[in-house]
Every structure is written in C-alpha cells, then in structure tokens.
Amino acid sequence: KIPMTANFLRADARRIIITSDKENMRKIKSLQDAGVEMIFLTGDYYPMRSIFETLSGAEIGSVMVEGGGILFSQILSKKIYDELCLFVAPQTVGAGIDFISENNIELNNMKAYDIGEDKLYVYRNS
C-alpha cells in the first residue's frame, strides 16, 4: 500500500519491502523499477523471527521496526532483538495497546533521552 511518492522510495539507500506473493504485480513492477528489492513470503501471516531470518540472509544486520503494540509485543515476547530503541510520545492516539506493561518493560531501567517532546529509551537484551 506504499504510495509511489513516499520518501522511502528515494534512491539514496537500500530499500526492501517484504510482502505477500499474492500482491498486485503491477504495483510490484513499479516498485522494482524504482529500485526497491522485493522479498516475497507465502501466506498471510509472517512471524517476526521468520522475517528477521530472511533479512539476515539478505545481509541485513540492523533493522528499524516502525509499528504498534502488536508488532512490538511479538518482538519482545520472542526476545528477537539485541538492542531496543523505543520512542514514546507524550500523548496516546485512541485506546492503543499497553505493550509496555504487558511485556514487563521497565522504562526506569533503560537509558532515557529527550528527543523533542518524545522520549527515547534504549535497552540491550542480555
């Protein structure tokens, strides 16, 4: 669903999209023509461990994950991270999911940095 005008599509870095092998082939062709690498997975559900293993095979050593509580809960519960950098905004949008308390994350035990109005918490998985 990424728009062809998205900043992500600028050709100043390696760009990879992981998607279903059932997606719109015309859109996929446009993305490939823009230089985006496509990784196709079968099915409708992709466990994060599987995605990280796929990226490792593509010689990717660092991943920025932008998502919500469900995605982060999956990563946290499986402990499939080396370092966690968590941005927390001063306001909540909607009801949301309290993945911080659901995953027993203790923000007080993490290094905290002020980034504008947000907080950046950094944690290393031991």
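The values are calculated or read from the model by the stated rules, or taken from the named source; none is laboratory data. Quantities reported herein were computed from a predicted structural model and do not represent experimental measurements. Accessible surface areas use protein heavy atoms only, side chains included; no ligands, DNA or RNA. Shrake-Rupley method; radii C 1.70, N 1.55, O 1.52, S 1.80 Å.
Assorted remarks:
- On region 37-86, 52 percent of the accessible area sits on carbon and sulfur atoms, based on a 1.4 Å probe.
- Nearest-10 value in Å² for the accessible area of Ser20, using the 1.4 Å probe: 10
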